[in-house]
Amino acid sequence: MSKLSMKEQSGCRKLLRLLALDDLFALKDTVTNRLIAVESTQEAIEAIITYSQDAEELLKRKKVHRDAIFKYLANEGVAMLPNSEKQQLIRRTVEYWSSGEISKREKNTMVSGDVGDGLSDLPALGNQFCQWFFTLLNSQNPTQGQPAQDWGPQHFWLDVRLRLLSCTGEQRVDEFNGAELVSQRLHAFAGQERLLFCPNLEGQGLKCISSAHGLVLVAVAGTIHRDNACLGIFEKVFGLIRSPVDNNRWKIKIVNIKVEAQNAITDRQLPVITYDSKELLSLCD
């Protein structure tokens, strides 16, 4: 019987699915002293969990590479610096598993009435929305080895507007209008371009304000990755409005994205929001 807690077991299952098959089966041999024969990936994962005595000890194994732990934390919405060492990632993972934090993957529906009216606790609404959105978007990335969740135009208002500002050498602005086009362009980031977005939901990485007309603006900063490379940083601003004809759920009305190349990243801190409140409200116009 595994000595790992239920949360540790669940987390390990998700993390182990990110390993290459050769590494996974080699890890199974090490943990079980080659005494357990398995016939599938799932059996290998369960054997590793069953015969592991300690979560931290498992994470320290050579075959559990730093990049897999980083990717796992990114998938869960736990932001870490791109240059974090393996031991730092292990410490944060163990903290996450031992805390009362709810798994971001368990939040697979759009934010609704479970945070009050939303306006009374904007930080909670913004945090929950970002956990939901980036979990959903990152699940569309085929390199993540997980089922894609229910992405589509149903999460957007029909007249949604997307403005994309790329600061990678020359500045370039692209605009997309309508739920179908905006949904397709955002999906392409993960599905075709294989990007992984890791939001910084702590401190100055997240900012939420509301307009006089019931529009909630959620601004979030983070890092962008492909495979094992950190490509740059992003700032995304979402405008959310409740839909009275869709169970009063929040749906996306505005998306503004600013992307900067890797040279904008510093080793000292995670990306932060650079917009002030007046600039955010000007995006409503």
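The values are calculated or read from the model by the stated rules, or taken from the named source; none is laboratory data. It should be emphasised that the depicted structure is a prediction, and the values quoted were computed from it without experimental measurement. As a convention, Cβ positions derive from the backbone with ideal geometry for all residues, glycine included, and neighbour counts pool all protein chains shown.
Worth a mention:
- Residue count for the stretch 3-34 under the criterion of being part of a loop (DSSP other than H, G, I, E, B) and surrounded by 16 or more Cβ atoms within 10 Å (Cβ to Cβ): the result is 4.
- Residue match in the stretch 196-214 (condition: crowded, with 18+ Cβ neighbours inside 10 Å, part of a strand (DSSP E or B) and aromatic (Phe, Trp, Tyr)): yes
- Residue within the stretch 19-31 that is among the β-branched types (Val, Ile, Thr), in the same structural domain as residue 75 (by TED's automatic domain parsing) and more than 25 Å from residue 96 (Cα to Cα) present: yes
- Matching residues, the stretch 35-90, being among the small types (Gly, Ala, Ser), touching a residue at least 60 places away in the same chain (Cβ under 8 Å) and not in a helix (DSSP H, G or I): 77, 79
- In the stretch 215-228, the residues that are surrounded by 13 or more Cβ atoms within 10 Å (Cβ to Cβ) and in a loop (DSSP other than H, G, I, E, B): 215
- Residue under evaluation residue 48, criteria (1) more than 20 Å from residue 196 (Cα to Cα); (2) at pLDDT below 90; (3) β-branched (Val, Ile, Thr), criterion not met: (2)
- Qualifying residue in the stretch 179-186 (condition: of a type outside the set (D, E, K, R), under 18 Å from residue 243 (Cβ atoms), in the same structural domain as residue 219 (by TED's automatic domain parsing) and free of Cβ contacts under 8 Å to residues at least 40 places away in the same chain): yes
- Failed item, numbered, when residue 31 is tested on (1) in contact with a Phe, Trp or Tyr (Cβ under 6 Å, 6 or more places away or on another chain); (2) aliphatic (A, V, I, L, M); (3) more than 28 Å from residue 227 (Cβ to Cβ): (3)
- Of the residues screened, residue 229 is one that is hydrophobic (A, V, I, L, M, F, W, C), touching a helix residue (DSSP H, G or I) at 6+ places or on another chain (Cβ under 9 Å) and without any contact (Cβ under 8 Å) to a residue 40 or more places away in the chain.
- Entry remark, the stretch 200-209: residues being under 12 Å from residue 237 (Cα atoms) and not aliphatic (A, V, I, L, M) number 3 in total.
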